[in-house]
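Heads up, the thing below is written out as structure tokens.
Every number here is computed from the coordinates shown, using simple stated rules; none is lab data. Because the structure is a prediction, the values reported are computed rather than measured. Heads up, the Cβs are rebuilt from the backbone with ideal geometry, glycines too, and the neighbour counts pull from every protein chain shown.
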Amino acid sequence: MDLKNAVVLVTGAGSGIGAAIASHFGKLGSSLFLVDKEQDTLKNAGNFLISIGVKNFETFAADISQELDSKKMVNQAIKRFGKINIVIPCAGLIRDGLLLNLEKETKKVKSKLSFDDWQDVLNVNLNGTFLTVRDCAEKMAEGGWPGLIVPISSVNKAGQLGQLNYSSSKIAISLFPKVIIGEFLLKKILNIRVVGIAPGYTRTPMLEKMNQSVLESLLKTVHLNRLIEPIEIAKLIEHISSNEALNGTTVEITGGICHSHGVVK
Ligand SMILES: NC(=O)c1ccc[n+]([C@@H]2O[C@H](COP(=O)([O-])OP(=O)(O)OC[C@H]3O[C@@H](n4cnc5c(N)ncnc54)[C@H](O)[C@@H]3O)[C@@H](O)[C@H]2O)c1
């Protein structure tokens, strides 16, 4: 893919991984359509792009979990740039909590994972990604433009305690590439590849919302012994965009996580 002539649509572009991807692809000369629900973070991300000399972008405020917003987003991207080539749905959130939290003495349930926290996470991470992927794919298939869709899963697709909602959304997202590429083959939609990524613990504002002592203990399972930097994820997506052999799969970028805590002597 010729990245200088590519139009890249990023959701969740106001912060963290999405913002880093925007900067990286902006520096590579791509046209950027940047979406976030938070006007302020979007504005800051836009100002940052201007400060590093990236001018070919448009920002668009939308809630990607709303079907109408998704439609408007895609229409506006095409109105502005005439096509979409790379779609990176980064908008996501966490609302951590245990399914059940018991009073130690009485064993009575003190708190439980609320239905709101369940729904908020599934609405954005799963429903929102579905809408972005579906609505962009529709136009890309009809347009016949060279295309790449990059659904964002997570290493926590393996099942993180305290994240039943988040892990459920991310295991579902990890299946998108396989199912969609199979359907594309069936329907001879051959211009679009779908390659997911599953990042490990990455230095972004999202991680600041996690319980920091839990994060510290999770980091002990990382061979690289540090957080992933968002730019490392952006560079992986740059590689994926140029390597056609990568398709229909979800690639992990974690620094090497050891899930097993058992010790064999
Ligand atoms: N940070 C990590 O360690 C990590 C690890 C694995 C996967 N991820 C995934 O990467 C993606 C980006 O995460 P991040 O760490 O950069 O998070 P972040 O919190 O820094 O950024 C997420 C952005 O999404 C936006 N957003 C949230 N809900 C939205 C909605 N309904 N409509 C539009 N925008 C919305 C937020 O305003 C925010 O700007 C997420 O899908 C996350 O699950 C992150």
The stretch 3-253 - percent relative contact order, Cα under 8 Å, separation 6 or more: 19 percent
Gain in span if fully extended, GLN212 to PHE48, counting 0.36 nm per residue against the direct Cα distance: 56.2 nm
Cα-based reach from LYS43 at 29 Å (exclusive), listing lysines while leaving out same-chain residues under 8 positions away: LYS4, LYS27, LYS55, LYS71, LYS72, LYS79, LYS83, LYS139, LYS170, LYS209, LYS235
ILE228 long-range amide H proximity, modeled H, under 5 Å: TYR201, THR202, ARG203
Between helix 67-81 and the chain: long-axis angle, C-alpha atoms, 0 to 90°, nearest 10: 40 degrees
Residues GLU105, GLU232 arranged by fewest to most Cβ contacts within 10 Å: GLU105, GLU232
Extension gain, ALA245 back to ILE231 (0.36 nm per residue minus Cα-Cα distance, nm): 2.8 nm
Sorted by Cβ density within 10 Å, fewest first, the residues SER153, SER242, SER168, SER213: SER213, SER242, SER168, SER153
Net charge, LEU113 excluded, C-beta distance under 14 Å - Lys, Arg +1, Asp, Glu -1: -1
For ARG134, ARG226, ARG193, order by how many other beta-carbon atoms lie within 10 Å, fewest first: ARG226, ARG134, ARG193
Inter-label distance, nm, simple model (7 Å from Cα along the C-beta direction), GLU38/LYS178: 3.4 nm
Local electrostatic count, ASN165, Cβ distance below 14 Å [Lys/Arg +1, Asp/Glu -1]: +1
Extent along principal axes [Cα atoms of the chain; Å; largest to smallest]: 63, 43, 41
Share, in percent, of DSSP beta bridges within the chain that are antiparallel, nearest 5: 15 percent
About the Cα centre, charge dipole magnitude for the stretch 3-253 (Lys/Arg +1, Asp/Glu -1 at Cβ), debye: 280 debye
Derived scalar couplings ³J(HN,Hα) [the stretch 177-187; Karplus, 6.51 cos²θ - 1.76 cosθ + 1.60; whole Hz; x for Gly, Pro]: x, 5, 5, 5, 5, x, 5, 5, 5, 4, 9
Pairwise centroid distance, computed over Cα atoms, of the stretch 107-178 with the stretch 9-37, Å: 19 Å
Residue-averaged [θ]222 nm for the chain, counting only DSSP H segments that reach four residues, each worth -39500 (n - 2.57): -13000 deg cm²/dmol
